[in-house]
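J.: Below: one structure in structure tokens.
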Amino acid sequence: MSHVTNARSAPRRRPLPATLVVLLGLFVIAGVWLLVAPRSKAQGTGDNAATVTKGRVLFERGCSSCHGLHGEGTNQAPTLIGVGAAAADFQLTTGRMPLPAPGAEAERRDPIYPPEQIEALSAYVGSLAPGPPIPSIGDQQWNDADLAEGGELFRANCASCHQAAGKGGALTYGKHAPALSEATPVEALEAIRTGPENMPVFSPTQINDDQAVAIAKYVQFVTNPPDPGGAGLGHLGPIPEGLVIWLIGMTGVAAAALWIGSRQA
Ligand code: HEC
Ligand code: HEC
């Protein structure tokens, strides 16, 4: 108690210079940082070095308990050395990682991390060793992708697990392949290249990049058909369409009844 009263009544000469020293120190640090930061940014591969550093901090906090301090793996989780940025981006954007608890099912959930942290974590995992990079799909490539070819490749390589319409299904060994309706085209490409859990990895020699994009386009097409009701009818939905079919059908039935009636008379 007495210490506190003393501090309050004592002249404030002593603490002031100390504060000034700290402030001066902060200014010097800020000045040095301003001089050095742009240079170190230019030295690394673009701004990649800073992103990797940010990712390493996030990784140590949120992933290392299972994957090891440097992604080398533990008895809880596999090594991430060489899985590539694509695997991390896939696992994080689909909310599978971070796994809520050891031994939990890696299921699709809302992502835990915001996009810029996913970018940093993926850059860090990608920096551990060469591996598949995060794919990007150009507008031209997407437009040129052949839906029919995508369908053929999907039936040959994917439908055995995900079913022909991408609705998912049980696998023989007590696991299941998920429905694909929520997967974005980039996530589909990442799944193809990184083979999450029981899914095989498809290398570019098995399925090249254009073919992978065609498959992704087909996945979008079968799981989110542009117009589920068939003919557009101003996108009024299934009720008016049903009504039109009912009217056409009933008119036909009525006409047939009238015709039969007129022949019997
Ligand atoms: C509670 C433990 C746990 C935590 C925490 C965790 N993981 Fe995982 N992770 C696993 C397990 C177990 C697997 C393998 C399961 C599977 O493939 O479905 C896995 C798989 C992965 C894979 C796929 C590896 C491959 O071979 O394709 C990546 C990438 C990954 N984790 C990244 C992360 C990142 C990044 C974080 C932190 C944000 C994280 N994990 C946090 C347990 C964990
Ligand atoms: C042997 C069975 C098998 C085959 C073949 C297979 N997959 Fe998968 N796929 C899976 C399993 C199992 C998962 C779930 C992995 C997990 O939860 O970690 C999955 C996950 C996915 C996902 C993520 C879905 C989501 O919403 O998160 C996509 C996309 C996908 N697969 C696409 C494909 C495509 C495209 C092909 C064909 C080129 C294919 N798969 C072939 C078993 C398979």
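J.: Could you grab the relative contact order for the range 135-226? Cα pairs under 8 Å, six or more apart, rounded to a whole percent.
T.: 38
J.: Give the peptides 157-169, 98-110 in descending order of average Cβ contacts within 10 Å, highest first.
T.: 157-169, 98-110
J.: While we're here: To the nearest 0.05, how large is the calculated FRET efficiency for GLU107 and LEU247 if R₀ is 51 Å and r is the Cβ-Cβ distance?
T.: 0.65
J.: Now for a different question. Once the Cα gyration tensor of the range 135-226 is diagonalised, what are the square roots of 5 times its eigenvalues, in whole Å and ordered largest first, as equivalent ellipsoid semi-axes?
T.: 20, 15, 11
J.: Measure off 7 Å from each Cα along the Cα-to-Cβ vector at TYR173 and ASN208, then give the distance between these two points in nanometres to one decimal.
T.: Placing both labels 7 Å beyond Cα along the Cβ direction yields 3.2 nm.
J.: Turning to a different aspect of this structure: Find the accessible area per residue for the range 46-134; the probe is 1.4 Å, ligands and nucleic acids are left out, and the unit is Å².
T.: 52
J.: Among 253-261, 179-187, 79-87, what's the highest-first ranking by average C-beta atoms within 10 angstrom per residue?
T.: 79-87, 179-187, 253-261
J.: Let me ask something else about it. Provide the descending list of Cα extents for the range 46-134 along its principal axes, expressed in whole angstroms.
T.: Ordered largest first, the range 46-134 gives principal extents of 38, 26, 23 Å.
J.: Using 7 Å Cα-to-Cβ label points, what is the GLN163/SER181 separation (nm, one decimal)?
T.: 1.0
J.: In addition: Under 8 Å for C-alpha pairs, at least 6 residues apart: give me the relative contact order for the range 52-107, rounded to a whole percent.
T.: 21
The values are calculated or read from the model by the stated rules, or taken from the named source; none is laboratory data. Note that the coordinates shown come from a computational prediction; the quantities given were computed from them, not determined experimentally. All Cβ positions, glycine included, derive from the backbone under ideal geometry; neighbour counts span all protein chains shown. Calculation scope for accessible area: heavy atoms of the full protein, side chains included, ligands and nucleic acids excluded. Shrake-Rupley method; radii C 1.70, N 1.55, O 1.52, S 1.80 Å.
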